[in-house]
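Comments concern the structure below.
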Amino acid sequence: MQNLINQREKLLKRLGDAGDLIKGSITAVCGTCGRAHCVCARQSTAKAYRLTYKDRDQKTQIVYVPRRRLSEIKRQVASYGRMRALIQQIIQTNIAIFKQGGQRVSGR
């Protein structure tokens, strides 16, 4: 059981190093000017990027992502994914400790 408690402590320390997180997904969409007979309505090469996420009320929100900030937002979305996986590891470790009859570490 002590191994599980040590594992949990290591995971919790990693959780503290989360940094900037953003939940959502990034998509590239083809941009058009909106005029029905324009050439871009048939064939567009311009790409715009957007971040799509669900807000507190589970409504889909869309935020434009400027091309110059695309790599930054990709890092933050990836960081969220890593932290989400880490939280799942912590949960599984806590379940294993619980099954073995362990208790939470005091002071938490």
Checklist outcome for this item: Within the under-13-Å Cβ sphere about Ile91, not counting Ile91, Lys/Arg +1 and Asp/Glu -1 give a net charge of +3
Next on the checklist: Starting from the 7 Å offset along Cα-to-Cβ, what nm value, one decimal, do you get for the label separation of Glu9 and Arg69?
Outcome noted: 4.1 nm
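None of the figures in this text is laboratory data; all of them are computed from the coordinates on show. Here the structure is a predicted model, which is why all the values come from computation and not from measurement. In this analysis, Cβ positions are derived from the backbone assuming ideal geometry, glycine residues included, and neighbour counts consider all displayed protein chains.
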